[in-house]
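Working notes for the structure below.
What follows is calculated from the coordinates using simple rules that are stated; it is not laboratory data. Since the model is a prediction, treat every value here as computed from it, not as a measurement.
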Amino acid sequence: MTDEGLAEARDGVGVRPLRRRGIQRLAQEQWGSGRSIWAADTGERELVVDQVDVREEAASEGVAGALGVSPGAPVWVRGRRFVLDGKPVLFATSHLPSDIVAASAITQPDSGPGGTYARLAELGHAPVHFREEIRSRMPSAAEAERLALALGTPVIQIVRTAYAEGGRAVEVNEMTLDSASYVLEYDFDA
């Protein structure tokens with residue numbers, strides 16, 4: 001399938017959607033070789049992380065439940081905004097158990113080649129299974145502003161949980177995508 005016919009005009013400018021390859025991007029061959037998971041989606045296009053916020057905080061009830069920790073337990077939070085071809089397209093917030101990632105490169109703004117998943121592997125907690133839940137909804141005013149959305153543009157909410165061998169959840173990543181900037185692609189064998 002090509003991108004033909006999928007682009008829309010926004011303010012008179014053609015927009016080429018970002019094809020998010022849901023399965024290929026999470027393959028260990030991608031992040032395990034030091035490549036960003038985003039490289040599976042962007043090709044030669046310029047993707048920039050223009051906002052990074054890394055901090056330790058108390059796990060909310062929802063995050064605690066997903067990570068299998070007690071509410072209020074310390075977790076590291078990595079918030080990032082991604083800009084493609086000069087347009088904000090996504091912001092993501094990862095939550096990781098402090099007992100695994102404290103004092104690692106994951107707690108730094110630049111987690112290094114291969115990103116968080118490569119660092120988790122180095123710590124003995126490589127992700128081996130992922131689950132994503134996808135919803136579409138209208139954005140809050142803050143989300144619309146942060147993504148510079150045109151009026152009436154919905155967002156796609158993806159919540160991905162990464163699991164290490166043995167089934168322990170090692171990351172919960174809440175992503176908010178500009179729906180006009182994405183095509184979600186899942187290619188797998190029956």
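Numerical summary
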quantity	calculated
Whole-number D in µm²/s for the stretch 44-153 (Stokes-Einstein; Kirkwood sum over Cα pairs; 20 °C, 1.002 mPa s)	137 µm²/s
Debye-sum result for the stretch 96-190 in log10 I(q)/I(0), which assumes one identical scatterer on each alpha carbon, at q = 0.22 Å⁻¹	-1.07
